[in-house]
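Asker: For reference, the structure I am asking about is given below.
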Amino acid sequence: MVTIKSNREIELMKEACNITAKTYEMLEKNIRPGISTWELDKLAEDFIKAQGGRPAQKGYPSGIKGVPNFPATLCISVNDAVIHGIPSKNEILKDGDIVSIDLVVEKNGYHGDAARTFLCGNVSEEAKRLVEVTKQSFFEAIKQAKKGNRVGDISHAVESYVKPYGFSVVREFQGHGIGKEMHEDPGIPNYGKAGRGLRLEPGMTLAVEPMIIAGKPDIWELEDGWTIVTADGSLAAHYENTILITENEAKILTI
Ligand code: MG
């Protein structure tokens, strides 16, 4: 179901989204060669709780028999991992890694969802370009996220921006509405035709999240039942914010 948020609900959304944004400011200062993804996760969990928030991904059901609920605050997906990587004491960041982090904070029953890909130490020019293009594809997309346009306008903007670079869009996962639920309608693919799909209305809150691969679009799931990696081993990047559709330009709530 697509929900239109009242002004009061939007104020509550902003509280959750602010904690998400501040958590990324904290994490950025701590991403360096030698730190484990588990340590980053612990820093984030403590920080979010101190701000009165709840890490909403922790305990999120897999929906698959035999696969445990997501065990951590952050999804941390390094290099060829695309999304849903599980933080681990054994995973130590190295110079040159690119580190995709996805985080959802809940406060007062509302959610704030964002993702970033960070550069760890000295990163190759090719990797930097992927990370920058992925981020920019979000900003190109939200130029289309305005009253009267359609979901397909957002989708098409992501795909058409990244294609000329020779990059691929992940097709199996997509952005989504967000509010009381972490995932609400509509789904927002990162590919598709302009002018199609649901019409955007003020009061919709959406998580727009390009997931972009430097090589071929195919992905695999690891045996942990969560981590999604590129099939060809090429790098992947992720960039996401929760936005609000208004009478004018979309407002970004998680920066
Ligand atoms: Mg997310």
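Asker: Relative to 2.2 N^0.38 Å, what does the C-alpha radius of gyration of the chain come to as a ratio? Two decimals please.
Answerer: 0.95
Asker: With +1 assigned to the C-beta of every Lys and Arg and -1 to the C-beta of every Asp and Glu, and no other charges, what is the dipole magnitude of segment 1-160 about the Cα centre in debye, to the nearest 20?
Answerer: Approximately 520 debye in magnitude.
Asker: Across segment 145-154, in residue order, what do the Karplus-derived ³J(HN,Hα) couplings come to in whole Hz, using 6.51 cos²θ - 1.76 cosθ + 1.60 with θ = phi - 60° and x for Gly and Pro?
Answerer: 8, 9, 3, x, 6, 10, 3, x, 5, 5
Asker: Here's another thing I want to ask about it. Give me the one-decimal nm value for the distance between modelled label points at LYS216 and GLU249, 7 Å along each residue's Cα-to-Cβ direction.
Answerer: Here the modelled spin labels are 4.0 nm apart.
Asker: Something else about it: Per residue of segment 46-52, in order, report the coupling 6.51 cos²θ - 1.76 cosθ + 1.60 (Karplus, θ = phi - 60°) as ³J(HN,Hα) in whole Hz, putting x for Gly and Pro.
Answerer: 4, 4, 5, 5, 5, 8, x
Asker: Oh, and also: Given a 1.4 Å probe, how much area per residue of segment 7-252 is accessible, in Å²?
Answerer: 44
Asker: Can you pull the percent of the chain's accessible area that's carbon plus sulfur, 1.4 Å probe, other chains left in place?
Answerer: Taking all protein chains in place, the chain shows 49 percent carbon and sulfur surface.
Asker: Scan around CYS75 for amide H atoms under 5 Å from its own, H built in the peptide plane at 1.01 Å from N, and keep only partners 5 or more places away or cross-chain.
Answerer: ASP102
Asker: Scan around ILE83 for amide H atoms under 5 Å from its own, H built in the peptide plane at 1.01 Å from N, and keep only partners 5 or more places away or cross-chain.
Answerer: ILE228
Asker: Show the residues, 5+ positions off or on another chain, whose built amide H is closer than 5 Å to the amide H of PHE173.
Answerer: For PHE173, whose amide H was placed from the backbone, there are no distant partners under 5 Å.
Asker: Further, regarding this structure: Run lengths n ≥ 4 of DSSP H only: what is the helix-derived mean residue ellipticity at 222 nm for the chain, with -39500 (n - 2.57) per run over all residues, to the nearest 500?
Answerer: Helix-only estimate at 222 nm: -9000 deg cm²/dmol.
Asker: Relative contact order for the chain: what percent, with Cα pairs under 8 Å and sequence separation of 6 or more?
Answerer: That works out to 23 percent.
Asker: Next up: Among 59-69, 15-25, 108-118, how do they line up from the highest to the lowest mean number of other beta-carbon atoms within 10 Å?
Answerer: 108-118, 15-25, 59-69
Asker: Still on this structure: Along Cα→Cβ, 7 Å out, is where each label goes; now give me the distance between the ones at LYS49 and GLU28 in nm to one decimal.
Answerer: Distance between label points: 2.6 nm.
Asker: A follow-up question, please. Per residue of segment 228-238, what does 6.51 cos²θ - 1.76 cosθ + 1.60 with θ = phi - 60° give for ³J(HN,Hα)? Whole Hz please, x for Gly and Pro, Karplus curve as stated.
Answerer: So the J values, rounded to whole Hz, are 9, 10, 6, 5, 8, x, 6, 6, 9, 9, 9.
Asker: While we're looking at this one, here's another question. Taking the alpha-carbon centroid of each part, what is the distance from segment 143-175 to segment 19-94 in angstrom?
Answerer: Between the Cα centre of segment 143-175 and that of segment 19-94, the gap is 26 Å.
The values are calculated or read from the model by the stated rules, or taken from the named source; none is laboratory data. Since this is a predicted model, take the numbers as computed values, not measurements. Cβ atoms come from the backbone with ideal geometry, glycine included; neighbour counts cover every protein chain shown. Heavy atoms of the whole protein, side chains included, go into the accessibility calculation; ligands, DNA and RNA do not. Shrake-Rupley method; radii C 1.70, N 1.55, O 1.52, S 1.80 Å.
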